[in-house]
1. Which whole-Hz ³J(HN,Hα) couplings does the stretch 157-165 yield from phi under the Karplus relation 6.51 cos²θ - 1.76 cosθ + 1.60, θ = phi - 60°, glycine and proline marked x?
2. With Rg/Rh (Cα atoms, Kirkwood Rh) defined as stated, name the option among (i) 1.02; (ii) 1.10; (iii) 1.08 computed from the structure displayed.
3. Can you give the calculated 222 nm mean residue ellipticity of the chain, where each DSSP H run of n ≥ 4 adds -39,500 (n - 2.57) and the sum is split over every residue, rounded to the nearest 500 deg cm²/dmol?
4. For the stretch 98-241, what is the convex hull volume of its Cα atoms per residue in Å³?
5. With angles folded into 0 to 90 degrees, how steeply does helix 210-225 sit against the dominant principal axis of the chain? Use alpha carbons for both and round to 10.
6. Return the long-range amide H neighbours of Met171 (sequence gap of 5 or more, or a different chain), with a cut-off of under 5 Å between placed amide H atoms.
7. Considering only protein heavy atoms, what per residue accessible area in square angstrom results for the stretch 128-210 with a 1.4 angstrom probe?
8. On C-alpha positions alone, give me the angle between the axis of helix 64-76 and the longest principal axis of the chain, in degrees, nearest 10.
Amino acid sequence: MARLSRPARLSILAILALLLLLAAMFGLWRLSKARCFALFVTPLCRVQTPEKLVALTFDDGPRREGVSIALDALARNDAHATFFLIGDEMARHPGEARRLVDAGHEIANHSFYHRRMVDVSPAAARREIDRTDALLKAEGGGDTLLFRPPYGSKLTGLPLALRGAGHRMVMWDVEDPPERLDARQYADRILEQVRPGSIILMHIMYDSRATAREALPLVLAGLARRGYRVVTVGQLLAARS
């Protein structure tokens, strides 16, 4: 077999190095999106409990219409939920988070700018956490020290900041399905995934989430028929076995 020339060997090595780099980048991307694993902290995806309890959580906002829809549906079903709120949205819509707190719901940190916090430094992440915490406390909440990463994305800087701030990273084990489904299909998709201790993620704050808004009463009714009680993340944690 003919021996490869030096330029050919260098070309092969360059290709191999590129492939290794791409593989490493893909691995980091998958790690940043892992639902129940993070570096430096242990994300909460579900709580071990013998009781038929589930935590219903909502991301984004607060927006007046989304808050009103949630408050009405939850009150009709004697349910309580955790709302992971964006600091910038709280600043632009003052008083909306307070409505949630006054109704007995839990408000928590969803960052200030709602950007993908994959490449942020610990210091930059901590600034967003602290700034949003201050708004949560001003609205009457924020004592739970719960944080949910925007888009579920995290790598090193954010987990380090959360560990330093004493916050718990809250993910989920049941999430809302694509909006292309109708409300009944949407609710059924959620209900078929639920088990005791589940943390359910829904998005209803914005007008673009019309299907999720329509499905929320169906989800709550379906949970009640199955014997589940809907509680906040804090209450679910208190009931863990």
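1. x, 5, x, 5, 5, 5, 4, x, 7
2. Identified label for the calculated read-out: (ii).
3. Working: 9 runs with 111 residues, N = 241.
The helix contribution divided over the chain gives -14500 deg cm²/dmol.
4. Values: hull volume 18.4 nm³, N = 144.
So the per-residue Cα hull volume is 128 Å³.
5. Helix 210-225 and the main axis of the chain meet at about 70 degrees.
6. So Met171 has HN proximity to Leu44, Cys45.
7. Solvent-accessible surface per residue comes out at 39 Å².
8. Relative to the chain, helix 64-76 is tipped by roughly 60 degrees.
The values are calculated or read from the model by the stated rules, or taken from the named source; none is laboratory data. The model shown is predicted, which means the values in this text are computed figures rather than measured ones. All Cβ positions, glycine included, derive from the backbone under ideal geometry; neighbour counts span all protein chains shown. The protein model used for the area step is the full one, side chains on, heavy atoms only, and it has no ligands, DNA or RNA in it. Shrake-Rupley method; radii C 1.70, N 1.55, O 1.52, S 1.80 Å.
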